[in-house]
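To start, the structure itself, in structure tokens.
The values are calculated or read from the model by the stated rules, or taken from the named source; none is laboratory data. Values in this document were obtained by computation on a predicted structure and should not be read as measured data. So basically every Cβ, Gly included, is an ideal-geometry build from the backbone, and we count neighbours across all protein chains shown. With ligands, DNA and RNA removed, areas are computed over all heavy atoms of the protein, side chains included. Shrake-Rupley method; radii C 1.70, N 1.55, O 1.52, S 1.80 Å.
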Amino acid sequence: MSASVSMPLGGVQVGSYDSYEQAQAAVDYLSDEKFAVENVTIIGTDLRMIEKVTGRLTMGRAIAAGAAGGAWWGLFVGLLLGIFAEDGGNWLGSVLTGLLIGLAFGAAFGGMGYAATQGRRDFTSTSTIKASRYDVMCAPAHAEEARAMLARFSLRNQ
């Protein structure tokens, strides 16, 4: 399966930045200066995944998280079914029934999911992918113009 991009990765480098925010600001500057930004690509290189551990995962927390997620889904389904209720009492019953069934199933699946790991991952975390450098690339026909504009941009931001 091949991916399609509007510009080949072999464009000309017109800028290199330490953070994505700096590269984004550079492209935003090009856009503000009416440069044809559809000729520009930001490429992150030397990718690394950073996983921040946020806490300990226990059976109780897994069940609580599953119950909370299930309750939201149950509430959603109950509200949808409540649309077809004939009166207010039936509507409230549909909503509460959906909420309780969602809560129960969510708690059960949260507990089963935790038990299935057999203690191999008893923590919660968040993951991000960061690049060590972000290169702004440009189609060769427009590279000199972009490079000149980004030179003015870098002088302005010093």
Handout entry: Cβ-based net charge around Asp32, under 12 Å, with every Lys or Arg adding one and every Asp or Glu removing one
Key = +1
Problem - Proximal charge balance of Tyr114 [Cβ under 15 Å; K/R count +1, D/E count -1] - result: +3
Problem - Value of Rg/Rh across the stretch 84-127 [Cα atoms, Kirkwood radius] - result: 1.30
Problem - Cα-only radius of gyration and Dmax that characterise the stretch 6-57, units Å - result: 15.6, 51
Completion exercise
So for R0 = 22 Å, FRET eff. of Arg121-Lys52 from the Cβ-Cβ r, to 0.05, ends up at 0.90
Handout entry: Loop-exposed trypsin sites (Lys or Arg not before Pro) per DSSP, neighbour cap 13 Cβ within 10 angstrom, longest uninterrupted part of the chain
Key = 35-119
Problem - Spatial extent of the stretch 103-158: Rg and Dmax, with the Cα atoms as the point set, Å - result: 24.9, 62
Practice task
Calculate what fraction, in whole %, of the accessible area of the chain sits on carbon and sulfur atoms when a 1.4 Å probe is rolled over the protein chains.
Solution key: 62
Handout entry: Between 0 and 90°, nearest 10: helix 59-82 axis offset from the chain longest Cα axis
Key = 80
Completion exercise
So the angle from the long Cα axis of helix 143-156 to the longest Cα principal axis of the chain, reported in degrees to the nearest 10, equals 80
Problem - Glu38 accessible area, assembled protein chains, probe 1.4 Å, Å² - result: 130
Completion exercise
Taking Cα pairs closer than 8 Å and at least 6 residues apart, the relative contact order of the stretch 68-140 in percent is 32
Practice task
Enumerate the residues in the stretch 25-49 having an amide nitrogen under 13 Å from the point lying 7 Å beyond the Cα of Ala141 toward its Cβ.
Solution key: 36, 38-40
Problem - Rounded accessible area per residue of the stretch 33-158, 1.4 Å, Å² - result: 67
Handout entry: Among Met59, Gly78, Thr97 the positive-end extreme of the charge dipole of the chain (Cβ point charges)
Key = Met59
Problem - Under 5 Å, built H, 5+ apart or other chain: amide partners of Leu57 - result: Phe123, Thr124
Fill in the blank from the handout: Between the Cα axis of helix 88-116 and the main Cα principal axis of the chain, the angle (0 to 90°, nearest 10) is 70
Fill in the blank from the handout: Among the Cα-Cα pairs of the chain, the proportion with separation greater than 25 Å, in percent, is 59
